[in-house]
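Input: a single structure, listed below in structure tokens.
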Amino acid sequence: MASRMELLLPWCRLRFPVSGTSQTRRAPGRPRLSQVRLSSTKAAAQRVPGREEADSKVGTRKKTFTEVQAERLEQAQRTVLINCPAKISEKKFLTYLSHHGKINSHYFYESYGTYAVVEFSEKDSIASLQDVTRTPGIEEECAVPFKSRLFTLTLKNPSTQAANQAPVHCHKQSTIVVNDLVQKLCSADSKTGPFYMEYQMKRVPSERIASQRILSMIGDCIDNFGPGCVGVQKILNARCPLVRFSHQPAGFQCDLTTNNRVAMRSSELLYIYGSLDSRVRALVFSVRCWARVHGITSTIPGPWITNFSLTMMALFFLQKRTPPIIPTLDQLKDLADAEDKHIIEGHDCTFASNLNKIKPTENTETLDVLLSDFFEYFGNFAFNKNSINIRKGKEQNKPEPSPLYIQNPFERALNISKNVNESQLDRFVALARECAWILQQEDTGHSSLSNSQPWGLAALLLPSVASHCIKGKKRKRGPASERIKSLLDSLKINNANSLVNNGGKRTFSNQTQ
């Protein structure tokens, strides 16, 4: 059995910490041979059917290295490594494990504690043992989740059950006081045995550090082995650590996080809003496309407005229409049933998930009107004093002096746009006003609607006037130059009207003409 330890790579560990006793420990170093205590069960002498015949054939000649590897690997896949307490009842230990399958052999040894190597007859026994194994609960630390075959076994009632207690013997039937009966029942073993099984895991100081390490490793795996995955970024110091990458075949950009259940509720909320009215998704995607073209958003972390912030602004705008196109989050909460209630880490994430319970809007505004009014609304929004809150659907005073304040719909104390600086907000406002002006000119007939001239949303997606050319060609005059031309035309018309009103006489001001 000792030679089998050479290839027991995917070990499992089992631990029996018993209060009032201490686990055996020794100074760092390899365990001496004299410290290893071997023992075996009757099952050790029993062979798996068919294996004896095969072994006899191979036994007539020396095994090849490949054959030895295959044998050791097969044994390893049926074997677990268990961390035990210093004092343990071998009989209880084997009885408990035998519920998961037939045990071929086992032995104990000491190395930084007492360990047992247990070899089952079938691989299914390992899966059975894993099914009843739980993640350890730790008060001051956070366990890094890793499902292996290295286990820790603990007593369910360590104060009343010693691992090395004598076998139970039968007593004559007699009456018993109810209080004593309750106490004995509380400390009695269940059918599953007197133990808890836990995975042995590495531990780190906090859940955040655990998430950072997990995501860092996953990011390396995606970068090196993920087919079609490119541009992997590890954004581990963000408030919510994530790994960002693009999947070229699908054309998607993916953000990967861990244990972020609030984000899942946010995704469901966006799905609800997008399903209520077709104009919601159309407006959001139009605004996000416009923002990407003009550099309002960026795939690189920084002081830019994010797509999520733009989405919240669009939803808030639609809640402000008369009548509203979508309900507020508080209104969706009022429509929620008992099964819709979700409290995640102290945050109320409750809202109605049944679309049939939400009354359709009576608003009939067209998309072009909504797009124009979106730019008009936020081009004149009082960002210096007001915040955006889709839970209430109305402006509120900013609780902090951030240039842009958009309340997180569920984690209400957070500003999802806290990264945005004054310069980026000013660019957004200036471009919103510019686009509102362009769309208003089309409504009054000042802009050409011929096929040769961009109009509507196409006009809003024109490159910035500051850029001079693309692929060696000069761009057409942008929105600013069109505005100047329109103003000059307006001055000419006003001057002609003035001549008519003055009987054809030209009047001069005190400025040089």
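The values are calculated or read from the model by the stated rules, or taken from the named source; none is laboratory data. Since this is a predicted model, take the numbers as computed values, not measurements. For neighbour counting, all protein chains shown are included, and Cβ atoms are generated from backbone atoms with ideal geometry for every residue, glycine included. Only protein heavy atoms, including side chains, enter the accessible area calculation; ligands, DNA and RNA are left aside. Shrake-Rupley method; radii C 1.70, N 1.55, O 1.52, S 1.80 Å.
Values as computed for the structure displayed
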{"item": "Whole-number accessible area per residue in Å² for the range 218-287, which is evaluated in the context of all protein chains at 1.4 Å", "result": "56 Å²"}
{"item": "Residue-span extension gain [GLN183 to SER423] - 0.36 nm each, minus C-alpha spacing", "result": "79.4 nm"}
{"item": "Distant-in-sequence amide H partners of LEU242 (H built 1.01 Å from N, under 5 Å)", "result": "ILE235, LEU236"}
{"item": "Over 25 Å (Cα to Cα) - which of LYS359/LYS418; LYS91/LYS156; LYS102/LYS184; LYS63/LYS147; LYS359/LYS385 fall in this group", "result": "LYS359/LYS418; LYS102/LYS184; LYS63/LYS147; LYS359/LYS385"}
{"item": "Spin-label proximity, ASP348 to the range 406-444 - amide N less than 18 Å from point 7 Å beyond Cα toward beta carbon", "result": "407-414"}
{"item": "Backbone N under 20 Å from the THR366 label point (7 Å along Cα→Cβ), restricted to the range 276-306", "result": "277-287"}
{"item": "Separation between Cα centres of the range 398-433 and the range 64-129, rounded to whole Å", "result": "58 Å"}
{"item": "Size of charge dipole - the range 322-418 - debye, nearest 20, with Cβ of Lys, Arg +1 and Asp, Glu -1, no other charges", "result": "320 debye"}
